[in-house]
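Working notes, structure below.
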Amino acid sequence: MIKDRIADVLKEVEARCRKSNRNPSEVTLIAVSKTKPLAMIEEAMACGQTEFGENKVQEMCEKASQLEGGAVNWHLIGHLQSNKVKKAVAVAGLIHSVDSLALAQEIDKQAGKIGKCQDILLEVNVADEKSKFGIRPEDVLPLVREVAQLKNIRLRGLMTVAPYTDDAETNRPYFRTMHDLMVDINQKNINNISVDVLSMGMSGDYGVAVEEGATHIRVGTYLFGERDYTK
Ligand SMILES: *Cc1c(COP(=O)(O)O)cnc(C)c1O
């Protein structure tokens, strides 16, 4: 049952926090509901889950409108194209996947039109994988400086999708690099920018991510089961 799975994750987060001298209240579980039916989201909501992640704008918006009135905070975690920014900004509480100045500028523009200040994260391709979106670690600070100029955007932190692995420990150095990058941003005193969100860790490696400072973990498969992309 989803209820038990959520409880498992929260318990594991607590154990990892204890081990690394962190407070579990610093860690938010985002339930990644992509490809999964509304009934599953509602089941999770009934257990008090409020944070949900989707990787497609269309799917996020459809689910949001069908759950209208429900207290869901939507996280857009997938690649975002400029032509979908308007819809994304209308619904997403936090956009995790900003990976270019052009995209940030479009978000700024669309947020301005509806009088919103959009919370965003910069997506970092921390292991420099060819198949992944995200900026390189060395491009983070220059982009932060540019994004800091945009009035309708609030930069909250960084996000990464670490390499797929059977051994979560192999991702520990990448999570550590992400934490270092966040510390780096805060030390540079860029235009009053202060970041505190580190979105990292998925079903296979969230425990290690928490030990290395994750504030938002994105868990799908463990909560909802394997995804079926053939439909
Ligand atoms: C699908 C997805 C997740 C969840 O991954 P699981 O392995 O199913 O927990 C997390 N982050 C992003 C960006 C995703 O696209």
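The values are calculated or read from the model by the stated rules, or taken from the named source; none is laboratory data. Source: prediction; values computed, not measured. Cβ placement follows ideal geometry from the backbone for every residue including glycine, while neighbour counts extend to all protein chains displayed. Heads up: the accessible areas ignore ligands, DNA and RNA and are worked out on the full protein's heavy atoms, side chains in. Shrake-Rupley method; radii C 1.70, N 1.55, O 1.52, S 1.80 Å.
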Number of the condition not met by Met159 [criteria: (1) among the aliphatic types (A, V, I, L, M); (2) in contact (Cβ under 8 Å) with a residue 60 or more places away in the chain; (3) away from the ligand (no atom under 12 Å from the Cβ)]: (3)
Of all the helices (runs of 4 or more DSSP H) wholly in the range 1-100, which have at least 1 residues that are among the polar types (S, T, N, Q)? 57-66
Only one of (1) assigned to a helix (DSSP H, G or I); (2) in contact with a strand residue (DSSP E or B) (Cβ under 7 Å, 6 or more places away or on another chain) is not met by Glu123, so which one is it? (1)
It is to be established whether one or more residues within the range 5-14 are open to solvent by 20 Å² or more (accessible area, probe 1.4 Å), within 15 Å of Arg218 (Cα to Cα), touching a residue at least 60 places away in the same chain (Cβ under 8 Å) and within 16 Å of the chain's Cα centre (by Cα). no
Positions within the range 200-216 being more than 9 Å from the ligand (Cβ to nearest atom) and closer than 16 Å to Ser33 by Cα, in sequence order: His216
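Every residue in the range 176-195 that is within 26 Å of Asp8 (Cβ to Cβ) and in contact with a Ser or Thr (Cβ under 8 Å, 6 or more places away or on another chain), please.
Of everything in the range 176-195, just one residue is within 26 Å of Asp8 (Cβ to Cβ) and in contact with a Ser or Thr (Cβ under 8 Å, 6 or more places away or on another chain), namely Met178.
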With respect to Leu143, is the statement that it is more than 13 Å from the ligand (Cβ to nearest atom), at pLDDT 95 or above, in a loop (DSSP other than H, G, I, E, B) and closer than 28 Å to Ala90 by Cα true? no
Condition first: out of contact with any Asp or Glu (no Cβ under 8 Å at 6 or more places or on another chain), open to solvent by 20 Å² or more (accessible area, probe 1.4 Å) and within 21 Å of Ile30 (Cα to Cα). Now tell me which residues in the range 80-115 satisfy that. Lys87, Ala90, Val91
Out of the residues in the range 176-199 that are assigned to a helix (DSSP H, G or I) and acidic (Asp, Glu), which is farthest from the ligand (Cβ to nearest atom)? Asp184
When (1) free of Cβ contacts under 8 Å to residues at least 60 places away in the same chain; (2) farther than 21 Å from Leu101 by Cβ; (3) in a loop (DSSP other than H, G, I, E, B); (4) within 13 Å of the ligand (Cβ to nearest atom) are applied to Asp228, the one that fails is (1)
Say whether the condition of being in contact with a Lys or Arg (Cβ under 8 Å, 6 or more places away or on another chain), more than 12 Å from the ligand (Cβ to nearest atom) and small (Gly, Ala, Ser) is met by at least one residue in the range 117-130. no
Qualifying residue in the range 32-45 (condition: under 20 Å from Leu122 (Cα atoms), crowded, with 16+ Cβ neighbours inside 10 Å and within 16 Å of the ligand (Cβ to nearest atom)): yes
